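Here the structure is laid out as structure tokens; the discussion comes afterwards.
The values are calculated or read from the model by the stated rules, or taken from the named source; none is laboratory data. Being a predicted model, the structure only gives us computed values, none of them experimental. We place every Cβ from the backbone using ideal geometry, glycine too, and count neighbours over all the protein chains shown. Protein only, heavy atoms only, side chains kept; ligands, DNA and RNA dropped before computing areas. Shrake-Rupley method; radii C 1.70, N 1.55, O 1.52, S 1.80 Å.
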Amino acid sequence: HASQTLGHFVDMSTIHLLTIPVNCVEGGSRGRLPLRHHAIHDPMRKTQIPVPAATVQLIQSRCPVIPRVGLVLGSGFGGLIREVDVVRRFAYRELPGFPVGSVAGHTHSLSLGHWRGLEVAVLEGRSHYYEGFELDEVTYPVRVLAGLGVQTLLVTNAAGGIDPKFRPGDFMVLSDHINALGANPLRGPSTAGLSRFVDLTEAYDRRLQQHLRAAARQVGARCHSGVYLAVSGPSYETPAEIRAFRRLGADAVGMSTVPEVIVARQCGLRVAGLSCITNAAAGLGGANQTVSHEEVLETGRQRETIATRLVAAFLDRLAR
Ligand code: HPA
């Protein structure tokens, strides 16, 4: 269990042995150092991420589904995949350019299939900035979904509640976000055909927000609207940070979603965001509070059934 808890710190699956010229190595190493492949400082690294169209072609050559709706299933939302009539499932490691993360509680695959009348693409698990991936790697799957034909994207996550009326187990429809990652996925060379100066004045589609709120009412889930603030993590916040974020206008805090949403907007997708509030943010949970990954996963597990019903009711509305 300890190795599960420590997840991305100890998982050796992404460790590759590279030969480093001896004159580059301090301290008399024999010239072989373990480096995580994504942590190599290489000014040419961009060339190692395939253009999304290449991966799109590979997927299309193996699966005829043309998805219109994309779903990113974060912690606590994984149950939805059991409702999808999956035509083809790809492990991320089969797909060039897809970052393979290692956080406990996340599986990593792209499934294409049908949900009632809708053709869907489901990303289970995601990779995070805190794992050491660059944001262009984190957001690569979103570019591929757009290339496959996705027009509407629902991004889900677990988040800490900052608004004092939020209780663990509640849901929050994202009305807006604050990017406090200190990084932007669009930084770097511009993408041919796409503007890098992306408008985010209405990042989260109003109509989709209404659909999410109506879906929550329909399944009887407590649900709010609010602003999601993204931090890089992986440490949780201090109470002082949470007080500061509250004054900045944040209602919930998490370590994902914002990069995907920025890229989705660049690709012209209609975006919806939904958080499961898994815990009170630091300092807001009473006298002896601690914030832990276990608590986040546990609340997510407890709310998975209702989260699945909520998303299903949302998809129902899209299908109408
Ligand atoms: N902080 C940051 N990320 C989170 C939290 C939190 O409290 N809960 C779930 N993801």
In this structure, does SER256 turn out to be surrounded by 20 or more Cβ atoms within 10 Å (Cβ to Cβ), outside any strand (DSSP E or B), within 11 Å of the ligand (Cβ to nearest atom) and not aliphatic (A, V, I, L, M)? yes
Conditions (1) farther than 11 Å from PRO168 by Cβ; (2) open to solvent by less than 60 Å² (accessible area, probe 1.4 Å); number of the one not met by VAL296: (1)
Quick one: which of LEU208, LEU284 is within 11 Å of the ligand (Cβ to nearest atom) and either of a type in the set (Lys, Arg) or over 16 Å from the mean Cα position of the chain (by Cα) (or both)? LEU284
Selected residue (criterion: surrounded by the most Cβ atoms within 10 Å (Cβ to Cβ)) from residues of region 209-253 that are within 22 Å of GLU131 (Cα to Cα) and small (Gly, Ala, Ser): ALA252
Restricting region 145-181 to residues that are away from the ligand (no atom under 15 Å from the Cβ) and part of a loop (DSSP other than H, G, I, E, B), which is farthest from ARG270 (Cα to Cα)? LYS165
Any residue at all in region 217-233 that's at pLDDT below 95 and of a type outside the set (Asp, Glu)? yes
Tell me, please, whether a residue that is more than 26 Å from GLY70 (Cα to Cα), at pLDDT 95 or above and under 20 Å from the mean Cα position of the chain (by Cα) can be found in region 262-279. yes
Report whether or not ARG187 is in contact with a Ser or Thr (Cβ under 9 Å, 6 or more places away or on another chain), of a type in the set (D, E, K, R) and surrounded by fewer than 14 Cβ atoms within 10 Å (Cβ to Cβ). no
Quick one: in region 96-150, of everything that is in contact with a Lys or Arg (Cβ under 8 Å, 6 or more places away or on another chain), of a type in the set (A, V, I, L, M) and open to solvent by 20 Å² or more (accessible area, probe 1.4 Å), which residue is farthest from PRO234 (Cα to Cα)? LEU118
Kindly check whether there is at least one residue in region 75-90 that is within 16 Å of the ligand (Cβ to nearest atom), in contact with a helix residue (DSSP H, G or I) (Cβ under 6 Å, 6 or more places away or on another chain), open to solvent by less than 10 Å² (accessible area, probe 1.4 Å) and of a type in the set (A, V, I, L, M, F, W, C). yes
Anything in region 242-253 that is part of a helix (DSSP H, G or I) and either within 14 Å of ASP176 (Cβ to Cβ) or within 22 Å of the chain's Cα centre (by Cα) (or both)? List them, or say none. ILE242, PHE245, LEU248
Residue that is outside any helix (DSSP H, G or I), more than 9 Å from the ligand (Cβ to nearest atom), open to solvent by less than 30 Å² (accessible area, probe 1.4 Å) and closer than 30 Å to VAL144 by Cα, where the choices are LEU310, LEU274: LEU274
So, of the residues in region 56-91 that are without any contact (Cβ under 8 Å) to a residue 24 or more places away in the chain and touching a strand residue (DSSP E or B) at 6+ places or on another chain (Cβ under 9 Å), which turns out to be nearest to MET255 (Cα to Cα)? ALA91
